[in-house]
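Any read-out appearing in this document is the output of simple, stated calculations on the displayed coordinates, not a laboratory observation. None of the values given here were measured: they were computed from a predicted structure. Neighbour counts are summed over all protein chains in view; Cβ atoms, including those assigned to glycine, are modelled from backbone coordinates with ideal geometry.
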Amino acid sequence: MSTLDWESYRNIAPAGIVDLGHRVADRLKGKKFVHVNSTRWGGGVAEMLHRLVPLFQDLGIDTRWDVIEGAPEFYQVTKSFHNALQGQNQIITKEMYDAYLRINKKNGLKMNLDADMVIIHDPQPAPLIYKKKKGSTWLWRCHIDASRPQRKVWNFLKEYVSKYDGAIFSLPSFAQKLSIPQYLVYPSIDPLSDKNKELTQEEINSVLEQFNIPKDKPMILQVSRFDRFKDPVGVIEAYKMVKQYNDCCLVLAGGSAADDPEGLEVLNEVKNAAEKDKDIFILDLPPDANIIINALQRAAAVVLQKSLKEGFGLTVAEAMWKARPVIGGFVGGITVQIVYGQTGFTVSSAEGCAYRIRYLLNNPEFALAMGQNAKEYTRRNFLITRHVIDYLSLMTACVKK
Amino acid sequence: MKEFQFTDCIEIKELTGKKANDEAELLELIEEASPDSIYFHTHSYFLRHFYIMGPYPSDFANWIVMQVRDRVLGEKLSALTPSGKQKIEDVRSDLIEVIDDHLSSIKTIPAVSFGQPFYLMKSKIIEIPTRLKAQNLKEFRDSLACVDASAIYNHVFEARLRGQKGRSDFSIWLEEVLGLSQLAQSIERIDAYMYGLEGLRKKILCLCDQELQEGGQYS
């Protein structure tokens, strides 16, 4: 894991927040913290932990990050859990529940979870709560849109979640009937990471040339995993409607995470929908293609995140930070991130998406002003500095003295 | 002499799991909500530092206007400035009275059709003392100019209502320690609900500068 310097954010984050971080962290000196999730690479959770954990360490807080391990069978089960908790109908057999518990038990036996506070991320490692010792504080961090979960799966998971000292959700609508306190913490992006740092025009051009993306026509971009909840086929439909009026190209840039076995299937569906249109570029990128994604976002005329379900759109915040106008699905966290008509547009159909793309392409001054608003809004609400402060304050309030 | 200690604050937001889909349900929520919830939805708006402001500094009014699309009730709620209120219960009573009156005057209860429900939340504040302290008006003014905006929120809104002091920490100190009653009263007369925290900072700084120029007051 890289080392990061909290002071580096002084001229990027809102004034005062860096000093505030030092003062709050001072209260947590001597305490030990552990984060646990299910994958070291791929997906938003791992990406955030790669940045958050070193910053906690730089602030003098003893923080570790551990990952549970499982066979492909385990990831198939947890993917079904994930989909069920996001409202998709899934059949989960007794054998699948047993495998889930067995692998958690096995992981728990070899993991050191002795700490003043343990934060468990997402459903995959939730049963590790059996390792909780007296005097420690355990929080369950839910990153997904669990507002309408498949009841049976939620009831199963709830047995474990209820044993935690608190749960953290990304949006008020994700709150559940739980006997434990439920906190709200928005996720964030890191302005200094490879995915978000400033790039030169040469670096941006080099990426466009690498993929033969034309520079002489506006680019519509969606960056996301090849996942049905991200509606990549809907994005292609919207692009085809726009193409009747505006010459443009579409880039669908994504990849798949280690814990997502459905990615390849969806990628094939997307390729079929693209019908060999020479202005559609489908980029199946590796998890470390951060500079490529950064360059694509900076080169885009309009960025889309036409999700049908979304816990919180990290790619929305990334594009907003680059002062791009964003069109997002009117779902989940995107409704909080985008102030309609001011920091972006939210839409509920391919037709609505197409109309707003056309509007932005044909009103470049409006698009420019919207992008600037988006950047400032992101600085104050969705940067990692605010995220660190939120976690520090929760740790201060919850950890046992 | 007792110095003034500037103290930043961080808000911990809690979800209650309770929500309303129409105005009658909102009324019930407000009747049953904890004081922390009433305070959160009528005050912590300022602390969220929204660069883009919604129409009103009240979550209740914004939800009614933007999600339920009942502009009449939304505007009535927006006019309920909590300025001068001594207790959160007074704020709650006003909200209940206005919504109840409105519901009595209409036949159909306005509800969310396409928008999102109102999600009841609450918050608690963690205070983080800064290194900024003041022993006279000039030091007070200079520290106020550079303190984090959360300190202004803490000393004005938190102190008045949740801290149950009825006045801002600023005016209490200026009057009781420095004996500047007129300046203290002028600060109390600022309609804090009409400005963001930065606007409030500017107003208070302006009053301090006037006092320093007029009275050469460094006491």
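Using amide H atoms built in the peptide plane, which far-off residues or other-chain residues are under 5 Å from residue A:63 H to H?
A:33
Report the Cα centroid-to-centroid distance between the stretch A:128-163 and the stretch A:310-347 in angstrom, as an integer.
28 Å
Return the distance in nm (one decimal) between the two label points of a simple spin-label model at residue B:105 and residue B:133, each offset 7 Å from Cα along Cα→Cβ.
5.4 nm
Please list, in order along the stretch B:151-167, the HN-Hα scalar couplings obtained from phi with the Karplus expression 6.51 cos²θ - 1.76 cosθ + 1.60 (θ = phi - 60°), rounded to whole Hz, x for Gly and Pro.
Rounded to whole hertz, the list is 5, 5, 4, 4, 7, 9, 6, 4, 4, 5, 9, 6, x, 6, 8, x, 9.
Can you give the charge dipole size of the stretch A:339-393 about its Cα centre, rounded to the nearest 20 debye, using +1 on the beta carbon of Lys and Arg and -1 on the beta carbon of Asp and Glu? Write down the numbers at each step before the final one.
On the way: 6 positive and 4 negative charges, 19 e Å.
Magnitude of the dipole: close to 100 debye.
Report, in listed order, any pair from A:217/A:278; A:271/A:375; A:79/A:197; B:76/B:203 with a Cα-Cα distance greater than 23 Å. Provide the component values of the computation, followed by the final result.
Details: A:217/A:278 13 Å; A:271/A:375 33 Å; A:79/A:197 32 Å; B:76/B:203 27 Å.
Flagged as over cut-off: A:271/A:375; A:79/A:197; B:76/B:203.
I'd like the mean, over residues of A:167-173, of how many other protein chain beta carbons sit within 10 Å of each residue's own Cβ. If you can, show how the numbers build up before the last one.
Details: counts 1, 1, 1, 0, 3, 12, 5.
Going residue by residue through A:167-173 and averaging, the value is 3.
Given H placed on each backbone N at 1.01 Å, which residues far from residue A:168 in sequence or on other chains put an amide H within less than 5 Å of it?
Amide H neighbours of residue A:168: A:140, A:141, A:142, A:183.
Counting other Cβ atoms within 10 Å, keep those with at most 16, restrict to DSSP loop, and tell me which trypsin sites (Lys or Arg not before Pro) in the stretch B:25-100 are left.
Numbers: sites: B:48, B:69, B:71, B:76, B:85, B:87, B:92; in loops: B:69, B:85, B:87.
For trypsin sites (Lys or Arg not before Pro) across the stretch B:25-100 that sit outside H, G, I, E and B with at most 16 neighbouring Cβ atoms in 10 Å, the list reads B:69, B:87.
If I model the stretch A:34-152 as equal point scatterers sitting on the Cα atoms and use the Debye formula, what is log10 I(q)/I(0) at q = 0.19 Å⁻¹?
Results for the stretch A:34-152 at q = 0.19 Å⁻¹ read -1.09.
Mind jotting down the three principal axis lengths of the stretch A:115-176 based on Cα atoms? Whole angstrom, largest first.
Here the Cα extents, ordered largest to smallest, are 33, 22, 16 Å.
Give me a comma-separated list of calculated 3J(HN,Hα) values for the stretch B:14-19, in order, Karplus coefficients 6.51, -1.76, 1.60 applied at θ = phi - 60°, integers in Hz, x for any Gly or Pro.
Karplus-based 3J(HN,Hα) across the stretch B:14-19 equals 10, 8, 9, x, 9, 8 Hz.
In whole angstrom, how long is each semi-axis of the equivalent ellipsoid of chain A, when you take the square root of 5 times every eigenvalue of its Cα gyration tensor and sort them from largest down? Walk me through the numbers before you get to the answer.
Working: eigenvalues 248, 129, 66 Å².
In descending order, the three semi-axes are 35, 25, 18 Å.
Could you give the length gained on full extension between residue A:401 and residue A:109, defined as 0.36 nm per residue of separation minus the Cα-Cα distance, in nm? Mind showing how you got there, number by number?
Working: separation 292, 0.36 × 292 = 105.12 nm, distance 2.73 nm.
Additional length available on full extension: 102.4 nm.
Please state the charge dipole magnitude for chain A, taken about the Cα centre, from unit charges on C-beta atoms (+1 on K and R, -1 on D and E), reported in debye and rounded to the nearest 20. Let's see the in-between values first.
Numbers: 51 positive and 45 negative charges, 313 e Å.
Result for chain A is approximately 1500 debye, rounded to the nearest 20.
Can you classify the stretch B:146-216 as rounded, prolate or oblate using the Cα gyration tensor, where a ≥ b ≥ c are the square roots of its eigenvalues, rounded means a/c under 1.5, and otherwise it's prolate if a/b beats b/c and oblate if not? Walk me through the numbers on the way to the answer.
Values: a/c = 1.85, a/b = 1.26, b/c = 1.47.
It is oblate, given that a/c is not under 1.5 and a/b is not larger than b/c.
Within chain B, which is the longest segment containing none of the chymotrypsin sites (Phe, Trp or Tyr not before Pro) that sit in a DSSP loop and have at most 16 other Cβ atoms within 10 Å? It would help to have the intermediate numbers written out before the result.
Details: sites that count: B:50, B:114, B:195, B:218.
It works out to B:115-194.
Taking only C-alpha pairs under 8 Å that are 6+ residues apart, what is the relative contact order of the stretch A:1-145 in percent? Let's see the in-between values first.
Numbers: 189 pairs, mean separation 37.6, N = 145.
Dividing the mean separation by the residue count of the stretch A:1-145 yields 26 percent.
Using a Debye calculation, one point per C-alpha and no hydration shell, please list log10 I(q)/I(0) for the stretch A:268-363 at q = 0.23 Å⁻¹ in order.
Once normalised to I(0) and log-transformed, intensities are -1.35.
Relative contact order (percent) for chain A, with alpha-carbon contacts under 8 angstrom and 6 or more residues of separation? Spell out each step's value before the answer.
Numbers: 740 pairs, mean separation 69.5, N = 401.
Averaging sequence separation for qualifying contacts and normalising by length gives 17 percent for chain A.
Exactly which trypsin sites (Lys or Arg not before Pro) in the stretch A:14-68 are in a DSSP loop and have at most 11 other Cβ atoms within 10 Å? Before the final figure, lay out each step's value.
Working: sites: A:23, A:27, A:29, A:31, A:32, A:40, A:51, A:64; in loops: A:27, A:29, A:31, A:40.
When the trypsin sites (Lys or Arg not before Pro) of the stretch A:14-68 are filtered for loop state and at most 11 Cβ neighbours within 10 Å, A:29 remain.
Farthest toward the dipole's positive end in the protein assembly as shown, which of A:327, A:82, A:205, given Cβ charges of +1 (Lys, Arg) and -1 (Asp, Glu) about the Cα centre?
Farthest towards the positive end: A:82.
With n ≥ 4 as the cut-off for DSSP H runs, can you work out [θ] at 222 nm for chain B, using -39500 (n - 2.57) per run divided by the number of residues, rounded to the nearest 500?
Working: 10 runs with 100 residues, N = 219.
Roughly -13500 deg cm²/dmol at 222 nm, from the helical runs in chain B.
Using a/c under 1.5 as the rounded threshold, could you call chain B rounded, prolate or oblate? The axes a ≥ b ≥ c are square roots of the C-alpha gyration tensor eigenvalues, and prolate needs a/b larger than b/c, oblate otherwise.
Details: a/c = 2.52, a/b = 2.21, b/c = 1.14.
Verdict is prolate for chain B.
Putting +1 on Lys and Arg Cβ atoms and -1 on Asp and Glu Cβ atoms, find which of A:254, A:357, A:392 reaches farthest to the positive end of the dipole of chain A.
Sorting the options by dipole projection puts first A:392.
Tell me what chain A gives for mean residue ellipticity at 222 nm when only DSSP H runs of n ≥ 4 count, each as -39,500 (n - 2.57), the sum divided by the residue total, rounded to 500 deg cm²/dmol. Spell out each step's value before the answer.
On the way: 14 runs with 169 residues, N = 401.
That comes out to -13000 deg cm²/dmol.
Sorted by mean Cβ packing within 10 Å, highest first, what order do the peptides A:191-203, B:96-108 take? Can you show the working numbers first?
Details: A:191-203: 14.9, B:96-108: 12.5.
With the highest mean Cβ count within 10 Å placed first, the list reads A:191-203, B:96-108.
What fraction of the Cα pairs in the stretch A:344-401, stated in percent, has a spacing above 18 angstrom?
Numbers: 951 of 1653 pairs.
Above the 18 Å cut-off, the stretch A:344-401 has 58 percent of its Cα pairs.
Mean Kyte-Doolittle of at least -0.5 and a Cα length of 15 Å or more along the axis: which whole DSSP H helices of chain A meet both? Write out the running numbers ahead of the final one.
On the way: long enough: A:44-58 (22 Å, 0.41); A:72-85 (20 Å, -0.47); A:94-110 (25 Å, -1.25); A:232-243 (16 Å, 0.52); A:263-274 (17 Å, 0.11); A:350-362 (18 Å, -0.06); A:364-381 (25 Å, -1.14); A:384-398 (21 Å, 0.82).
Taking the DSSP H segments of chain A (at least 15 Å long, mean hydropathy at least -0.5), we get A:44-58, A:72-85, A:232-243, A:263-274, A:350-362, A:384-398.
Once you charge only the Cβ atoms, +1 for Lys and Arg and -1 for Asp and Glu, what is the size of the charge dipole of chain B about its Cα centre, to the nearest 20 debye?
380 debye
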